[in-house]
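What follows is calculated from the coordinates using simple rules that are stated; it is not laboratory data. The model shown is predicted, which means the values in this text are computed figures rather than measured ones. A quick note on method: Cβ atoms are made from the backbone with ideal geometry, for glycine too, and the neighbour counts reach across all protein chains shown.
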């Protein structure tokens, strides 16, 4: 999220991301290996056997930003004016945006080669420990908006392709 704006403090915005991940998993063959949604950002480990992963991520970011902006503009968001002002500010800093910008243009992508499984497990642990480090839960699998529950042997909000 641009400017570390805490949009995901609201469940409705987190659910937009969850629904979009589920859609992309079903319709775009996106593989979701790990994920967590924090108050102002998300982390994920994704892959795709077809197409370019960056194209799918671009579509996901475009859809979620459009949906969340409509929710902010037409809903009962108490921080509406402030949020729109912030998103407009970040849009004005780039020629790619016409009105608002929610997501950063960068994905901070890192390649996790199958030949180096330790790197993937380090990233997986980092992702799942985010809510613990933030003091939100004592155990990673207690945080609903994360794949940690899947790695604990239960079913989470998004079907996950487990890394082992």
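Of the residues contained in region 103-113, one or more are found to be surrounded by 16 or more Cβ atoms within 10 Å (Cβ to Cβ), in contact (Cβ under 8 Å) with a residue 60 or more places away in the chain and under 27 Å from residue 163 (Cα atoms). The numbered conditions (1) free of Cβ contacts under 8 Å to residues at least 40 places away in the same chain; (2) under 29 Å from residue 141 (Cα atoms); (3) part of a helix (DSSP H, G or I); (4) within 15 Å of the chain's Cα centre (by Cα) are all true for residue 66 except (2).
When restricted to residues that are surrounded by 14 or more Cβ atoms within 10 Å (Cβ to Cβ) and outside any strand (DSSP E or B), region 16-55 contains 16.
Determine whether region 1-8 contains at least one residue that is part of a helix (DSSP H, G or I) and farther than 30 Å from residue 150 by Cα. Within region 1-8 (the criterion being part of a helix (DSSP H, G or I) and farther than 30 Å from residue 150 by Cα), the answer is yes, since at least one residue qualifies.
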